[in-house]
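Trainee: If you scroll down you'll find the structure; I have some questions about it.
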Amino acid sequence: MLTEKQFQQILEDFNLSEEEKQNIIYTEKLVYDIIDFNDLEKTTKILNKKIREIKKDIYFPKKFLFFHGTGRRNRKSILEKGLLRTTKKTKKSIQSTPGYVYLSLNPESAKLFGSLAYAGEKLDVYAILVAAKDIKPDKDQIYNKNLYGNEKLSVNIVNSLLYGNGVCVKKDIELYNLRLCNHILGIEENIDNIIKNKQITKEDFEFNLK
């Protein structure tokens, strides 16, 4: 999880007013302030209610903070055009549904996803602000969890966050809603270092990214 200093640094990089900063939700903190690993059913109900309340607030519309990891070779294009939805040609996973931008709950997940798609390459991680009304569940991650984890999860935002560790949006991410944040995160740049520092096996690493 980001430190408070890192979170504030990211907000500063977006050049937000003090009022705008108040409407940014640090998504991972929201989840982990609520989650009870001993009672995930209760957690699901509380988190689902909270997200519904956030989405309904039209007077003070909120944005969620997520992250996206990708190969550094894409930096020039992203900083010129924004983060574009995947197509059949550009998607990096056979199972991935084209037409979406996939976002991670935290920088660590973003790095892992980026490393699978661009194994051995240098990575960039972007902080992404997304309007609450635009977030959608990552159906692919929930499908994989049901298939490989013997779960019976329904497709919704809460399960996408709790079990898929992210969401997706069916729109391009505009330049003003993304910031390169390598300098804040001090990211590792290749898959071997991530596996070593996360102390997980390659098999676990690849399972988490299915």
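None of the figures in this text is laboratory data; all of them are computed from the coordinates on show. Just so it is clear, the structure is predicted and the values come from calculations on it, not from any experiment. Using ideal geometry, Cβ is built from the backbone for each residue, glycine included, and neighbour counts are taken over all protein chains shown.
Trainee: Evaluate the distance, in nm, between pseudo-label points positioned 7 Å from the Cα of Arg75 and of Asp39 along their respective Cα→Cβ axes.
Mentor: Each label point is offset 7 Å from its Cα along the Cβ direction, giving 4.8 nm.
Trainee: Shifting gears a bit: Once the Cβ-Cβ distance between Lys21 and Thr97 is put in as r, and R0 is 41 Å, what FRET efficiency do you end up with, to the nearest 0.05?
Mentor: 0.80
Trainee: Could you give the length gained by full extension between Glu53 and Val155, i.e. 0.36 nm per residue of separation minus their alpha carbon distance, to one decimal place?
Mentor: The span from Glu53 to Val155 would gain 34.8 nm if fully extended.
Trainee: With 10 angstrom as the radius, rank Leu116, Leu83 by how many other C-beta atoms surround their C-beta, starting from the fewest.
Mentor: Lowest to highest Cβ neighbour count: Leu116, Leu83.
Trainee: For Tyr26, what is the net charge nearby, where nearby means another residue's Cβ is under 13 Å from its Cβ and Lys, Arg count +1, Asp, Glu -1?
Mentor: Taking every other residue near Tyr26 into account, the sum is +2.
Trainee: In addition: Just Phe60, Phe113, Phe14 to compare: in a GNM of the chain, with alpha carbon springs under 10 Å, which one fluctuates most?
Mentor: The residue that fluctuates most here is Phe60.
Trainee: Jot down the per residue volume, in cubic angstrom and as a whole number, of the convex hull over the alpha-carbon atoms of segment 4-208.
Mentor: Looking at segment 4-208, the number lands at 129 Å³ per residue.
Trainee: Something else: Mind checking segment 24-70 for chymotrypsin sites (Phe, Trp or Tyr not before Pro) that DSSP puts in a loop (not H, G, I, E or B) and that have at most 16 other Cβ atoms within 10 Å?
Mentor: Within segment 24-70, the qualifying chymotrypsin sites (Phe, Trp or Tyr not before Pro) (loop, at most 16 other Cβ atoms within 10 Å) are Phe37, Tyr59.
Trainee: Sticking with this structure for a sec: For segment 1-60, what class follows from the C-alpha gyration tensor (a ≥ b ≥ c being the square roots of its eigenvalues): rounded when a/c is under 1.5, otherwise prolate if a/b is larger than b/c, else oblate?
Mentor: oblate
Trainee: Counting each DSSP H run of 4 or more residues in the chain as -39500 (n - 2.57), what helix-only mean residue ellipticity at 222 nm follows after dividing by all residues, to the nearest 500 deg cm²/dmol?
Mentor: It comes out at -12000 deg cm²/dmol, rounded to the nearest 500.
Trainee: Which ³J(HN,Hα) values, rounded to whole Hz and listed in residue order, are derived for segment 51-64 from phi using the Karplus coefficients 6.51, -1.76 and 1.60 in 6.51 cos²θ - 1.76 cosθ + 1.60 with θ = phi - 60°, glycine and proline given as x?
Mentor: Computed from phi, the couplings for segment 51-64 are 5, 4, 4, 5, 5, 7, 6, 7, 7, 10, x, 9, 10, 8 Hz.
Trainee: Hey, another quick one. Roughly how big is segment 4-208's charge dipole about its Cα centre, with Cβ charges of +1 (Lys, Arg) and -1 (Asp, Glu), in debye to the nearest 20?
Mentor: Result for segment 4-208 is approximately 800 debye, rounded to the nearest 20.
Trainee: A further question follows. Using 29 Å as the Cα-Cα cut-off, could you pick out the over-long pairs in Lys45/Lys92; Lys42/Lys63; Lys45/Lys139; Lys21/Lys49; Lys92/Lys133; Lys56/Lys92?
Mentor: Lys45/Lys92; Lys56/Lys92
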